[in-house]
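The values are calculated or read from the model by the stated rules, or taken from the named source; none is laboratory data. Keep in mind that what you see is a predicted model, and the values were worked out from it rather than measured. Here the Cβ positions follow ideal geometry from the backbone for every residue, glycine too, while neighbour counts run over all protein chains shown. Protein only, heavy atoms only, side chains kept; ligands, DNA and RNA dropped before computing areas. Shrake-Rupley method; radii C 1.70, N 1.55, O 1.52, S 1.80 Å.
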Amino acid sequence: VEVCTGPLGQGICNAIGFAIAEKHMSASYNTDDYSVFDHHTYCICGDGCLQEGVSGEASSLAGHLGLGKLIVLYDDNKITIDGSTDLSFTEDVGKRYEAYGWQ
């Protein structure tokens, strides 16, 4: 399933929702003999996406739930619609996600 979202931050939130669904469905329906749900969820996001509060809240939940099958590719190109991210975004995103419990 491919999802293209409009507002910044919504893409990673959708991906986290898909990863939660995979974890729940695999726990509910997979057996030792047969695995019905066993896939990874991939997301590509950029600086603007991770500046949005909703992405931080969802990412915190993902870390709490230990969604190990969620793969996020972060494009840290240091550019926003207003110019360089230095104008409004100087935090260490890697450390923030480490604090959320991400690997």
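What helices (runs of 4 or more DSSP H), lying completely within the stretch 43-103, carry at least 2 residues that are closer than 22 Å to G17 by Cβ and open to solvent by 60 Å² or more (accessible area, probe 1.4 Å)?
On the way: elements: 47-51, 53-65, 93-100.
Of the helices (runs of 4 or more DSSP H) lying wholly inside the stretch 43-103, those with at least 2 residues that are closer than 22 Å to G17 by Cβ and open to solvent by 60 Å² or more (accessible area, probe 1.4 Å) span 53-65.
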Starting from the stretch 77-103, keep only residues that are over 25 Å from L61 (Cα atoms), then list their pairs with residues that are in a helix (DSSP H, G or I) and hydroxyl-bearing (S, T, Y) whose Cβ atoms are within a distance under 7 Å, requiring at least 6 positions of separation or different chains.
K78/T85; I79/T85
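If you scan the stretch 28-46, which residues turn out to be touching a Lys or Arg at 6+ places or on another chain (Cβ under 8 Å) and farther than 13 Å from G11 by Cβ?
Filtering the stretch 28-46 down to residues touching a Lys or Arg at 6+ places or on another chain (Cβ under 8 Å) leaves 39-41.
Within the stretch 28-46, H39, H40 meet the criteria.
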Residues (touching a residue at least 40 places away in the same chain (Cβ under 8 Å) and not in a helix (DSSP H, G or I)) located in the stretch 8-40:
L8, G9
